[in-house]
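The next block holds one structure in the form of C-alpha cells; read it before the comments.
The values are calculated or read from the model by the stated rules, or taken from the named source; none is laboratory data. Bear in mind that the values here come from a model prediction, so they are computed numbers and not experimental data. Cβ coordinates were reconstructed from backbone atoms using ideal geometry, including for glycine residues, and neighbour counts include every protein chain displayed. Quick note on the areas: whole protein, heavy atoms, side chains included, nothing else; ligands and nucleic acids left out. Shrake-Rupley method; radii C 1.70, N 1.55, O 1.52, S 1.80 Å.
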Amino acid sequence: YKGYQYLIPFFEKLYQLEANKKGKARIAYFGDSMTDGDMIVQDVRTQFQSVFGGEGVGFVNITSESAGSRGSIIHEFSQNWKAQSYLKTKSPLRSFGVNGSVFFAKDTANPTWVKYKAGRNRFSTSLNNPTLFYGSSKNKKGSLRQIFGKDTVYKKLNTNSMLNATQVAGDVKNVKVNFINADSIPFYGFNFDNGKGIHVDNFSSRGNSGLPLGSLNVDLMNAFQQKLGYALIILQFGTNVLNYGSLNYSWYERKMTSVVNHAKECFPGAAILIITTADKSTKYDMQMKSDSAVAPLVMAQKRYAVKSEAGLVNLYTLMGGDGSMVKWVENVPARANKDYTHFNHRGAKEIAQLIYKQIDTGYQEYKKLRALAKKKPKPKAVVSDTVPVINDTLNE
C-alpha cells in the first residue's frame, strides 16, 4: 500500500509547476527528533526545489531548542521570550501556531529580539522576503525595530486579524528584529520564501508522538492555510511510541486516525502523507536486533493511513526492514548514530532521497495516467474529468 491516489491534488500542483513553470506548492513536514535540526527535511526540500523551483528555507520558529544544531539557517534569539508548545502546555495563553508553538515577548528592561542568518544550503543562501506571522491582540502599541546601516526603521504591528503577516525586508543575508511594546501579542514565527516553486516547512518537535497535532485550532489553521496554501502535509512519527512496553498499537492507530482527519479539517485541500517509524535496535541476549515493537507499530501506521485515506511511505521497509538499523550503525561509513535510533547527516541525506524517490514514483505514474486520460475518447453526455480515471488506476 502506497496510497498514491490520495496524493493526486498534490501531484496536480507539481504538474502545473513543471508544465507551466508557474504557481507554487507548499509542504508542511511534521516530525519528531528524527527531523530535528532540519535533518532529512532540508534534503527533501533541496530535492523538490532542484526540480520544481523555489527558494527559501520556509517557516521558522521565534525560538527553537534545536537552533544550535540547524545548518540550513543560523538562528539566535534573546532569552526573554516565553514559549509555549503543544507538547508541554495543555492550556496555552493563546492558540498554538501551525508550528505547534506560540511565543510572547516578555516586557523587561532588556530588549526582546530574534536574529536569522542564511545558511549555506542550496536554494536557501538568502533569507527570502522575511515575513513575521502573529495573532490578534488588544495591544495596538506594538512595533518592530530594525537597523539598516545608519537608519533605524520602525514598523507598527497590525493586530486586528486572527492571523497577521508583516514583511520586514526583501531578500537579505541576515535580519535582526527588535520587538517594542509587544507584550500580550501572540507570535508564531518568520517565513522565508521567494513566492514561487516549492517550499517545505520543518515543524519538528523532540518527543512528539504525533498526537499533539489534534490540539491545533481549526479556525487558526484555516487562516494559516489561506495565507500559506499547503498542498501536502507530511506526518513522520513513531519513534516516541516504541517504548510503551506493549506491542498492541490499536490505541495509537485509533487516535492517529483522528489526528489525520483533524489535519484535513485544519488544512482543507491538502493531501496527507504518513511516513512510518524507521527501524530501531534494542539489545536482546547481548546482541543488537530490531526492537520487537517496530513491526507492529509500522502495521498500525499503515492501517491508519488506509483508514484516513492518506499516502504512505514505509520507511522501515525502505531502509532494509528487519535488522537494518544495525547495518546503518555498524557498517562503514556509518549512516546512523550509536543510539541505534537516529540517523547521522550522511544517513539523513540518504533517507531523504528514499522518501523523495517514492513520492516522485507516484508523481511519474500520475503523469502517465494523466496523459492517457486525455487521449481517451470522452463520452458525449458526460463532463470530462481526468481525476476519477487516474484515481481508479492509482488505486489498483
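Per this entry, ALA169 is counted among residues that are within 30 Å of ARG45 (Cα to Cα) and either of a type outside the set (A, V, I, L, M, F, W, C) or in a loop (DSSP other than H, G, I, E, B) (or both).
Inclusion of VAL44 among residues that are among the aliphatic types (A, V, I, L, M), closer than 24 Å to ASP193 by Cα and over 19 Å from the mean Cα position of the chain (by Cα) is not warranted.
Among the residues of the stretch 81-116, none is identified as farther than 26 Å from PHE267 by Cβ, outside any strand (DSSP E or B) and modelled with pLDDT of 95 or more.
Might you check whether a residue that is surrounded by 21 or more Cβ atoms within 10 Å (Cβ to Cβ) and part of a loop (DSSP other than H, G, I, E, B) occurs anywhere in the stretch 68-79? Yes; the residues of the stretch 68-79 include at least one that is surrounded by 21 or more Cβ atoms within 10 Å (Cβ to Cβ) and part of a loop (DSSP other than H, G, I, E, B).
Under 21 Å from PHE187 (Cβ atoms) and out of contact with any Pro (no Cβ under 6 Å at 6 or more places or on another chain) - does that describe any residue in the stretch 4-22? Taking every residue of the stretch 4-22 in turn, none turns out to be under 21 Å from PHE187 (Cβ atoms) and out of contact with any Pro (no Cβ under 6 Å at 6 or more places or on another chain).
Residues that are under 23 Å from PHE224 (Cβ atoms) and in a helix (DSSP H, G or I) within the stretch 9-36 comprise PRO9, PHE10, PHE11, GLU12, LYS13, LEU14, GLN16, LEU17, THR35, ASP36, listed in sequence order.
From the list LYS88, LYS21, which one is on the phi < 0 side of the Ramachandran plot and surrounded by fewer than 21 Cβ atoms within 10 Å (Cβ to Cβ)?
LYS88
Here PRO268 meets the list (1) open to solvent by 30 Å² or more (accessible area, probe 1.4 Å); (2) within 25 Å of TYR188 (Cβ to Cβ); (3) part of a helix (DSSP H, G or I) almost entirely, failing just condition (3). Just one of the listed residues (LEU220, LEU232, LEU247) is under 30 Å from ALA169 (Cβ atoms), touching a Leu at 6+ places or on another chain (Cβ under 9 Å) and either assigned to a helix (DSSP H, G or I) or open to solvent by 50 Å² or more (accessible area, probe 1.4 Å) (or both), and it is LEU220.
Residues in the stretch 317-369 that are within 23 Å of GLY37 (Cβ to Cβ), of a type in the set (Val, Ile, Thr) and more than 20 Å from the chain's Cα centre (by Cα): VAL329, THR341. Out of the residues in the stretch 128-148 that are assigned to a loop (DSSP other than H, G, I, E, B) and not small (Gly, Ala, Ser), state the one that is farthest from LYS117 (Cα to Cα). If we take residues in the stretch 128-148 being assigned to a loop (DSSP other than H, G, I, E, B) and not small (Gly, Ala, Ser), then LYS138 is farthest from LYS117 (Cα to Cα). Within the stretch 24-44, the set of residues being closer than 15 Å to HIS345 by Cβ and open to solvent by 10 Å² or more (accessible area, probe 1.4 Å) comprises SER33, MET34, ASP36, MET39, GLN42, ASP43. When the strands (runs of 3 or more DSSP E) confined to the stretch 272-333 are screened for residues that are open to solvent by 10 Å² or more (accessible area, probe 1.4 Å) and more than 25 Å from PHE30 (Cβ to Cβ), those reaching at least 2 such residues are found at 281-284, 287-290.
I'm checking my understanding of the structure. Among residues of the stretch 47-64 that are β-branched (Val, Ile, Thr), over 12 Å from the mean Cα position of the chain (by Cα) and assigned to a loop (DSSP other than H, G, I, E, B), which one is surrounded by the most Cβ atoms within 10 Å (Cβ to Cβ)? Only one residue tops the list, namely ILE62. Residues that are buried (at least 18 other Cβ atoms within 10 Å of the Cβ), under 17 Å from the mean Cα position of the chain (by Cα) and under 29 Å from GLN49 (Cβ atoms) are absent from the stretch 155-175. Cβ separations smaller than 6 Å between residues 6+ apart or across chains give no pair from the stretch 359-370 residues that are within 15 Å of VAL51 (Cα to Cα) to residues that are at pLDDT below 95.
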